[in-house]
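Structure, as structure tokens:
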Amino acid sequence: MDSIIVRGNGPLSGEIPIAGAKNAALTLMPATLLTDEPLTLTNVPRLSDIKTTNELLSSLGTEVAVLQGGQIIVLDTHKITNHTAHYDIVRKMRASILVLGPMLARDGEAVVSLPGGCAIGARPVDLHLKGLEALGAEIELKEGYVHAKAPTGLKGAVIELEFASVGATENLLMAATLAKGTTVIKNAAREPEIVDLADCLRKMGAQISGDGSTDITIEGVEKLHGATHPVVTDRIELGTYMLAPVIAGGEVELLGGRINLLAAFCEKLDACGISVTETKRGLKVASRNGRIKGVDVVTEPFPGFPTDLQAQMMAMLCTADGTSVLEETIFENRFMHAPELIRMGASIEVSGGTATVTGVEKLKGAPVMATDLRASVSLILAGLAAEGETIVSRVYHLDRGYERLEDKLSACGANIERVSE
Ligand code: EPZ
């Protein structure tokens, strides 16, 4: 297993290219199952989760062509030759559940392993299943697998989500494109990745309106055709790297970044006294003289503060001037970075879904352990300005969602290297 060593090395300067969004790619790729024509995705991030999805789709009969080092993927599912998504692949990546809706819509049958939980929570899929039943699917849970059937095809329905679940919205949106009649998904998730999926499905011939709002309307069509679609910019990678110059000092330009992808996050940075300016090529972020001010954060579904940036924000607030209260409302166990930051000298008190951070002058490098994707990158950020050396182990978590992280940061002057154990 690899580790990454970070040594505090003073202010950063330079530019960081932002890749295509992992969480958009992971829902765009299963859309290939909806058509017998090729779907070409460009601006695809080079991540282990993408490789896992390629493996999963190949096991279902998709021909996968990876071009330009992984930045372009051509997915051709002329026929689904196997309708079972096995546990050994699904357990590696929960987003595999997103093949359920498309397979059901295309062929009226799908068997998908329940994803199981992960470090940050139980991650149930009950909203996905209830929504598919509303579309007329017969769902049965047997030996850890979802057995779904729709022998006479799916039928449009009005579905009200109890929670604005991103994955449930994506599964149901894809399924509804081929259902007979009209579907309305109420209390739908509004994330930019949902809008990106709807854009791609429209290019494939789907009739969708209201994506990005709480109510999405889909008029089912007979068939979808192939398309070419660029994956939207990764707002979570963007937000993560925006914090690097704030923590380490200096100024960095994030190529491809746009404020509209992260309005709530940028408002919080503004409240801390950090200036973010849009440039022709992206966003420029500069640290301010002296310590930033502490600020309170509550994670919410989009357009609120993203839960996927909570750990990174906490790393920054560890050395802020004052106290910050972070409330995690989306996942039940998403503070595992806190004990690791405490090993680096941070002062954090966790009680249920709330973490209270009292800023300290400086963190001290220490050996720490990554527990999940966003927690691991928060430890790297903390290490950028800590005194001494921080060794982050189990960085396979990191490789799921950040391509070439050490290259991107060292190009801006960070002292960071990957070691294989
Ligand atoms: C997506 O996960 C993202 N993953 C997550 O990013 C992100 O944190 C999350 O949305 C919230 O924005 C991908 O897009 C691949 P949810 P998802 O369904 O779809 C509960 C990262 O770091 N829930 O909106 O699983 C669930 O338990 C990852 O990139 C149910 O109760 O998120 C959770 O508490 C982490 N029943 C909450 O809703 C369901 O059927 C949010 O889940 C579905 C969800």
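Here are a few things to note about the model shown:
- Only helices enter the 222 nm calculation for the chain: every DSSP H run of n ≥ 4 contributes -39,500 (n - 2.57), and dividing by all residues gives -8500 deg cm²/dmol, rounded to 500.
- With 10 Å bins beginning at zero, the pair-distance distribution over Cα atoms of segment 24-230 amounts to 9, 40, 40, 11, 0 %.
- Under 13 Å, Cβ to Cβ, from Pro17 - net charge with Lys/Arg +1 and Asp/Glu -1: -2
- Modelled spin labels at Lys79 and Leu141, positioned 7 Å past Cα toward Cβ, are 3.4 nm from each other.
- Over the C-alpha atoms of segment 212-258, the Rg to Rh ratio, Rh being the Kirkwood estimate, stands at 1.24.
- Here the scattering of segment 198-310 is modelled by Debye summation over its C-alpha atoms, one equal scatterer each and no solvent; at q = 0.09, 0.11, 0.17, 0.18 Å⁻¹ the log10 of I(q)/I(0) is -0.34, -0.48, -0.88, -0.94.
- With both labels modelled 7 Å from their Cα along Cα-to-Cβ, the Glu349 to Lys149 distance reads 5.7 nm.
- Fully extending the segment from Lys293 to Lys364, taken as 0.36 nm per residue of separation minus the present Cα-Cα distance, adds 23.5 nm.
- The label-point distance for Ala119 and Glu15, in a model that sets each label 7 Å from Cα toward Cβ, rounds to 3.3 nm.
- Binning the C-alpha pair distances of segment 1-64 at 10 Å intervals from 0 yields a P(r) profile of 16, 38, 24, 14, 7, 1 %, listed from the shortest bin outward.
- All-pairs Cα distance distribution in segment 1-121, expressed in whole percent, bin size 5 Å: 2, 10, 19, 20, 17, 12, 7, 5, 4, 2, 1, 0
- Under the membrane-span-like helix rule (DSSP H runs whose alpha carbons stretch at least 18 Å along the helix axis, mean Kyte-Doolittle hydropathy -1.0 or higher), the chain yields 48-60, 235-248, 373-385.
- Each principal axis of the Cα atoms in the chain has its own extent, and those three values, largest first, are 65, 43, 42 angstrom.
- Within segment 324-351: backbone nitrogen closer than 16 Å to the Glu387 label point (7 Å, Cα to C-beta): 343-347
- Count Lys and Arg as plus one, Asp and Glu as minus one, and take only other residues whose Cβ is under 11 Å from that of Leu75; the net charge is then -3.
- If R0 is 41 Å, the Cβ-Cβ spacing of Thr329 and Glu109 corresponds to a FRET efficiency of close to 0.65.
- Segment 352-366 versus segment 45-85: alpha-carbon centroid distance in Å: 41
Every read-out reported here was derived from the displayed coordinates using simple, explicitly stated rules and does not represent laboratory data. Being a predicted model, the structure only gives us computed values, none of them experimental. Backbone-built Cβ (ideal geometry, glycine too); neighbour counts: all protein chains shown.
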